[in-house]
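Written out below as structure tokens is the structure these notes cover.
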Amino acid sequence: MSQKEKPKNLIDGRKISRQVKEEVKEKIEELKKLHDKSPGLAVIIVGDRPDSRTYVNMKKKACAFVGIKSFERKLEVDVTQEELIKIVREYNENPEINGILVQLPLPKHIDEEEILSQISLTKDVDGFSPYNIGKCAMKGRDPLFFPCTPYGCIQLLKRSNVEISGKEAVIIGRSNIVGLPVSFLLLKENATITICHSRTKDIASTVKRADIIIAAVGIPKFVKAEWVKEGAVIIDVGINSVEDKTRKSGRRLVGDVDFENVKEKASLITPVPGGVGPMTVAMLMVNTLRGFERSLESEQKEKENEKEKEN
Ligand code: NAP
């Protein structure tokens, strides 16, 4: 889409993510002046899936921009579970690293849940641990890290001045990494939430009630214009590769929303690409900075305790 063709009701995820990264960069520069230290993020990638490679490169680029040191471990696809656990544990112990990210999906012979559970809670910048998700679900509690994509969705709404409190939000999808946690975060913001999934009987009429629609299904153009209430705000999390013979690659990315038709009814809508995707990476930077700040705080406390003991 050229600059000229951009509809007025577009939520520009690239622009908002740039603002977020600028804020992170500024804070990191400030902390570096005070403590002569920078945050570190470790990424573990298994095998050579091109999509995983692309995501890891995006994260490394964002780290370089904001001033986070990136550490990368690229492992062969036949790496054993034990070797992988050993690497996670090494990173857990490394004080230079404030965030550990295991790029998913992992090969079938690896127990993904077990690997993720090995990441220290204080370095779980993806926010996928049951502890963090549990805290997201609890009233009046905050997790150590909000999961990046759901966190990015909320930031897109807030930074576009969308009132969430008291609004009817319909979330399509209940995955542990998107649909479920984004529902919890919307609830924290005092929305009334409804979660739809593959067994929901009448998605169209449920979605029609929504002031805010979050689509996280993984089916191209799933949400139709007829389902959308005039003036609804739409966050399209989907990233689907579809055939496009007009492109050199023969493919293009589309979301879970029938963008061309739905944009006519929405008051605000995210595009794909350029919507939620860049925010996921930006929120990873925010989380890594938060991990770093916490480690500085605990160092400070330790110093104070030592001083007290001396006195
Ligand atoms: P997922 O784990 O496959 O979950 C899909 C969800 O959609 C499930 O809860 C499923 O219901 C529901 N669903 C499937 N078919 C449905 C139907 N016909 N009607 C209603 N609900 C249906 O996917 P995910 O990991 O949440 O990802 C969703 C999309 O977001 C994908 O396109 C993914 O690529 C994208 N994504 C984007 C980002 C980003 O940074 N932008 C990050 C993560 C994911 P059941 O639970 O009943 O099976």
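The values are calculated or read from the model by the stated rules, or taken from the named source; none is laboratory data. Model, not experiment: these values are computed from the prediction. A quick note on method: Cβ atoms are made from the backbone with ideal geometry, for glycine too, and the neighbour counts reach across all protein chains shown. When the accessible area is computed, the model is the full protein with side chains, heavy atoms only, and any ligands, DNA or RNA have been set aside. Shrake-Rupley method; radii C 1.70, N 1.55, O 1.52, S 1.80 Å.
For the reader, a short list of remarks on this structure follows.
- Filtered residues of the stretch 45-78 (kept if within 22 Å of His109 (Cα to Cα) and open to solvent by less than 30 Å² (accessible area, probe 1.4 Å)): Ile45, Val46, Gly47, Ser52, Val56, Leu75
- Within the stretch 50-72, the set of residues being in a helix (DSSP H, G or I) and of a type in the set (D, E, K, R) comprises Asp51, Arg53, Lys59, Lys60, Lys61.
- Gly127 vs. criteria under 24 Å from Gly275 (Cα atoms) and assigned by TED's automatic domain parsing to the domain that holds Val237: no
- Pair list, Cβ under 6 Å, 6 or more apart: the stretch 189-201 residue within 25 Å of Gly140 (Cα to Cα), other residue open to solvent by 50 Å² or more (accessible area, probe 1.4 Å) and within 14 Å of the ligand (Cβ to nearest atom): Ile195/Arg174
- Residues satisfying the stated conditions in the stretch 103-118, i.e. in contact (Cβ under 8 Å) with a residue 24 or more places away in the chain, crowded, with 16+ Cβ neighbours inside 10 Å and farther than 12 Å from Gly47 by Cβ: Ile115, Gln118
- Scope the stretch 73-102; condition free of Cβ contacts under 8 Å to residues at least 40 places away in the same chain and part of a loop (DSSP other than H, G, I, E, B); matching residues: Glu76, Val77, Asp78, Val79, Thr80
- Any chance Ser249 is over 21 Å from the mean Cα position of the chain (by Cα), in the same structural domain as Ser175 (by TED's automatic domain parsing) and more than 18 Å from Ile11 (Cα to Cα): yes
- Residue within the stretch 258-269 that is buried (at least 16 other Cβ atoms within 10 Å of the Cβ), under 25 Å from Pro143 (Cα atoms) and of a type in the set (Phe, Trp, Tyr) present: no
- Verdict on Ser249 being touching a residue at least 12 places away in the same chain (Cβ under 8 Å), out of contact with any Pro (no Cβ under 7 Å at 6 or more places or on another chain), of a type in the set (S, T, N, Q) and surrounded by fewer than 18 Cβ atoms within 10 Å (Cβ to Cβ): no
- In the stretch 228-240, of all residues being near the ligand (Cβ under 9 Å from one of its atoms) and free of Cβ contacts under 8 Å to residues at least 40 places away in the same chain, the one that is farthest from Asn9 (Cα to Cα) corresponds to Asn240.
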